[in-house]
């Protein structure tokens, strides 16, 4: 009996297990919704500014990407706002937008509710709540702790509230894999649909970690940029002068559907989730291996499951946080993925098939557990619009880039069909998603 490869199984089962994207929503430092964020992103604007969420004078990094235009009263009354963490607020806003774009009711009912799940990843969960309640405990004693402390701070409460707010009664969980969380949530949600456990999944990530204690912790690791005098220039993925990342808050949600479900209800399809790879570095708590082997294996797994080759890829949305070691490893990984050296890949693919590499954290800051989900939405928008956003502040590319095609200066127009989205987390977790523009299979 011949053994059938994973790639052959994926292609053979394609018609019965295809997962598509029908709605998207984001909240970022560039705007309260996808349209505003996208418009400002392709215009080359930055959402990084001096921190206002707290007095930053005691911390080394005094800049951040705050979602200043987010208004939680669009989804919650004022009492509910006070009883939920900001991470939940941001996710509810992104999910509300995604449902509206998908043409689904804001309140699901009946079988649709039973067959709709929510996977919302996060790195920290209710971080602001945790730090505030610890302060209350120390300064005022245990009797003054809020009865809402636990439900506000638990990581799984955001997908729980998504289910409560919108009526999603299917599979519900919070993948927690640091900065790979949002990517893992989308990938695992797609697999949930493929195995028949849901028809629709609300999948993404959220983070609201512009909190003094968390920023102080990252600063103690020497992970953050200290370009406090020029916030917009602080996040510099792949630039030789990068000095660390900028903490940001935000959320992203995709509506995923089984193709037959989306088609039956006449939904507008934006993209297909063709592949997903998840691996572990098994190397170090915070540092990737020098050649980003785990990330490369995740990308190859995503391509294999889709029955695709590396020559099909048009765009890579890099994880690219702006840390010296992380960016260097990712550059080496991309060169390994696209050939023994970037020049070999260019020769093999041809000048018109060079892969455009973008890094949206240059404009948004690093949204940690939400990063993979936000990047996924913006990458699908790039496929839809035929424009890849530029990497800001890339004045002097790291020599490790070789001849990789890093998008600089202005948004790059083109006929883009297939994109990889990278999301990597502390602990060595790697998530890579593969999206295709609908109708470009």
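Scanning the stretch 214-236 for residues that are touching a strand residue (DSSP E or B) at 6+ places or on another chain (Cβ under 6 Å) and either part of a loop (DSSP other than H, G, I, E, B) or over 14 Å from residue 63 (Cβ atoms) (or both) returns 228, 234. Output the number of residues of the stretch 401-441 satisfying the condition of being outside any loop (DSSP other than H, G, I, E, B) and at pLDDT below 95. Going through the stretch 401-441 one residue at a time, the tally reaches 0. Pairing each residue of the stretch 320-349 that is more than 17 Å from residue 366 (Cα to Cα) with any residue that is at pLDDT below 50 and assigned to a loop (DSSP other than H, G, I, E, B), provided the two are 6+ apart or on different chains, yields C-beta distances under 8 Å for 335/341.
Residue-level check: of (1) in contact with a strand residue (DSSP E or B) (Cβ under 6 Å, 6 or more places away or on another chain); (2) surrounded by 23 or more Cβ atoms within 10 Å (Cβ to Cβ), residue 172 misses just (2). Would you call residue 287 free of Cβ contacts under 8 Å to residues at least 60 places away in the same chain and either touching a helix residue (DSSP H, G or I) at 6+ places or on another chain (Cβ under 9 Å) or in the same structural domain as residue 227 (by TED's automatic domain parsing) (or both)? In short, yes.
The values are calculated or read from the model by the stated rules, or taken from the named source; none is laboratory data. All figures in this text were calculated on a predicted structure; none of them were measured in a lab. Every residue, glycine as well, gets a Cβ built from its backbone with ideal geometry; the counts of neighbours run over all protein chains shown.
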